[in-house]
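> Can you keep this structure in mind? I'll have questions shortly.
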Amino acid sequence: YFQDLLNKSEKALYDAFPSMYGELYTQNTKVFKDLYSELRRYYRGSNINLEEALNEFWTRLLERLFKLMNPQYHITDEYLDCMVKHAEQHKPFGEVPRDLKVKATRAFIAARSYAQGFLVGSDVVKKVSQVPLSHECTRAIMKLLYCPHCRGMASVKPCNNYCLNVVKGCLANQADLSTEWKYLMDSLVVVADRIDGPYNVDTVIGTIHMRIAEAISNLQENKDSITAKVFQGCGNPKISTKGSSSEDKKRRGKVALLVLSPAPAPQSSPGPEHPLSLQVLDAKGNLTALKTYWVTLPGSLCSKKVVASSAADDKCWNGMTKGSYLPEVMGDGLANQINNPEVEVDITKPDMTIRQQIMQLKIMTNRLGNANIGNDVDFQDASEFSGTGEVPG
């Protein structure tokens, strides 16, 4: 969805700017393409300073527009450096660059952190699901599921509490993910509110082309005063000796006219079919439901996969015979399995893969916390952002 907003803004710029600005656009297409390329790379997780990328865009655009506005002068690179320094204090593009930098930075930080949060959550589930069961756990599951058959009680279902103790023992390490997992879900919900609220991602990302047009319009209106102030600060550039033919003069005049002619701002491109608020609402509902995923997993497995009997059933398989299951149900997590009657669990040896995933959850939650207050976050694992370099939007 986020990438679609950016793609539509870029397409709107490519559709509108040639007719609006003529050679100003056609001679400088790369400046605009590079901006969208940098925004896209940033969103996908590249370690790019977004503020610097935006500053670079405005500098390059100003240099090219200044030369086009003053075709009769020979303007060197050194003169352009001086021009940029003097022009910045006069705000040639008005307030657009500063305003866009604040809003776009917050929007993109939030959008990419939000997308990566989902990716990290998915990756944690994938890696945790590949952790092999212990030998003790395998034996306990075999006893739970298959021993009734050997006793001639194939139709007798396992007691629910018996099943819970077996699965809680087998998934003791996984349950320890629960605290950090909940924090990640909570952080995603908070950032979701930012995305669809004060950071206004829908509008900011989808209207970048309109802000650029607004900035160019500001420069057109202030062209004479900006040029005069630059000449005052940097001196008058030399008159160009090239292109003195009448044809070249005509061409230069045409370019200047295209630059200076007022142009209507491009229309906002239509957004994707599903408004962001609906997607955020849907995501928040799913995130809230997932908060207790790891601690409710044993109960889900026992009811859906094992199809255990109810807790009060006295005619269920209790591990020995058909009857009631008397031992109490263990708590969640590794530390609570010290007295598990069904699975021998060494609580002094936590699974390292799962401990690593707990750390990944902590790191991602911290990034989302930064994104929530508009701070940039360093994606040290950018290469792992996605196998294709794409972030699901």
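> Collect the residues in segment 346-379 that are open to solvent by 70 Å² or more (accessible area, probe 1.4 Å) and closer than 16 Å to residue 192 by Cβ, keeping them in residue-number order.
373
> Regarding segment 109-131, can at least one residue be identified that is in contact with a Cys (Cβ under 8 Å, 6 or more places away or on another chain) and either at pLDDT 95 or above or in a helix (DSSP H, G or I) (or both)?
There is no residue in segment 109-131 that is in contact with a Cys (Cβ under 8 Å, 6 or more places away or on another chain) and either at pLDDT 95 or above or in a helix (DSSP H, G or I) (or both).
> Every residue in segment 197-231 that is over 30 Å from residue 110 (Cα atoms) and either touching a Phe, Trp or Tyr at 6+ places or on another chain (Cβ under 7 Å) or in contact (Cβ under 8 Å) with a residue 12 or more places away in the chain (or both), please.
Correct list: 219, 220, 222, 223, 225, 226, 227, 229, 230.
> Say we look at segment 192-238 and pick out the residues that are part of a loop (DSSP other than H, G, I, E, B) and open to solvent by 50 Å² or more (accessible area, probe 1.4 Å); which of these is nearest to residue 29 (Cα to Cα)?
Top of the filtered list is 222.
> Go through segment 89-117 and report how many residues are in contact with an Asp or Glu (Cβ under 7 Å, 6 or more places away or on another chain) and open to solvent by less than 30 Å² (accessible area, probe 1.4 Å).
Residues in segment 89-117 being in contact with an Asp or Glu (Cβ under 7 Å, 6 or more places away or on another chain) and open to solvent by less than 30 Å² (accessible area, probe 1.4 Å): 3 in total.
> Kindly indicate whether any position in segment 125-142 is among the aliphatic types (A, V, I, L, M), open to solvent by less than 80 Å² (accessible area, probe 1.4 Å), touching a helix residue (DSSP H, G or I) at 6+ places or on another chain (Cβ under 8 Å) and closer than 30 Å to residue 190 by Cα.
Of the residues in segment 125-142, the ones among the aliphatic types (A, V, I, L, M) are 125, 128, 131, 133, 140-142.
Then drop every residue that is not open to solvent by less than 80 Å² (accessible area, probe 1.4 Å), which leaves 125, 128, 131, 140-141.
Add one more test, that the residue is touching a helix residue (DSSP H, G or I) at 6+ places or on another chain (Cβ under 8 Å), and what stays is 128, 131, 140-141.
Of the ones still in play, those that are also closer than 30 Å to residue 190 by Cα are 128.
Yes, because at least one residue in segment 125-142 is among the aliphatic types (A, V, I, L, M), open to solvent by less than 80 Å² (accessible area, probe 1.4 Å), touching a helix residue (DSSP H, G or I) at 6+ places or on another chain (Cβ under 8 Å) and closer than 30 Å to residue 190 by Cα.
> Do we have residue 86 as in contact (Cβ under 8 Å) with a residue 40 or more places away in the chain, over 29 Å from residue 11 (Cα atoms), open to solvent by 10 Å² or more (accessible area, probe 1.4 Å) and in a loop (DSSP other than H, G, I, E, B) here?
Criteria not met by residue 86.
> Please state which one of 93, 32, 57 is touching a Leu at 6+ places or on another chain (Cβ under 7 Å) and assigned to a loop (DSSP other than H, G, I, E, B). Full working, then the answer.
Working: 32 fails: assigned to a loop (DSSP other than H, G, I, E, B); 57 fails: assigned to a loop (DSSP other than H, G, I, E, B).
Going through 93, 32, 57 in turn, just one is touching a Leu at 6+ places or on another chain (Cβ under 7 Å) and assigned to a loop (DSSP other than H, G, I, E, B): 93.
> Now for a separate question. Could you tell me how many of the residues in segment 190-204 are in contact with a Ser or Thr (Cβ under 7 Å, 6 or more places away or on another chain) and either among the small types (Gly, Ala, Ser) or farther than 30 Å from residue 352 by Cβ (or both)?
1
> Take the residues in segment 149-169 that are out of contact with any Cys (no Cβ under 8 Å at 6 or more places or on another chain) and not in a helix (DSSP H, G or I), then tell me which one is most open to solvent (accessible area, probe 1.4 Å).
Result: 151.
> How many residues does segment 255-297 hold that are at pLDDT below 90 and farther than 30 Å from residue 8 by Cβ?
2
> Filter segment 271-299 for residues that are open to solvent by 40 Å² or more (accessible area, probe 1.4 Å), more than 18 Å from residue 188 (Cβ to Cβ) and assigned to a helix (DSSP H, G or I) and give the result.
Taking segment 271-299 and keeping what is open to solvent by 40 Å² or more (accessible area, probe 1.4 Å), we get 271, 273-275, 277-279, 281-282, 284-286, 288-293, 295-296.
Now drop any that are not more than 18 Å from residue 188 (Cβ to Cβ), which leaves 271, 273-275, 295-296.
Of everything in segment 271-299, those that are open to solvent by 40 Å² or more (accessible area, probe 1.4 Å), more than 18 Å from residue 188 (Cβ to Cβ) and assigned to a helix (DSSP H, G or I) turn out to be 295, 296.
> Considering only residues that are of a type in the set (Gly, Ala, Ser) and at pLDDT 95 or above, look in segment 300-339 and name the one that is most open to solvent (accessible area, probe 1.4 Å).
By that ranking, first place goes to 335.
> Taking only pairs six or more apart or across chains, which ones have beta-carbon atoms under 6 Å, a first residue in segment 301-326 that is free of Cβ contacts under 8 Å to residues at least 12 places away in the same chain, and a second residue that is in a loop (DSSP other than H, G, I, E, B) and open to solvent by less than 60 Å² (accessible area, probe 1.4 Å)?
Listed by first residue and then by second, the contacts come to 314/324.
The values are calculated or read from the model by the stated rules, or taken from the named source; none is laboratory data. Here the structure is a predicted model, which means the values were calculated and not measured. Counting neighbours? That spans all protein chains shown, and the Cβs are built from the backbone with ideal geometry, glycine included. Each accessible area value is taken on the protein alone, full model and side chains, heavy atoms only, with ligands, DNA and RNA left out. Shrake-Rupley method; radii C 1.70, N 1.55, O 1.52, S 1.80 Å.
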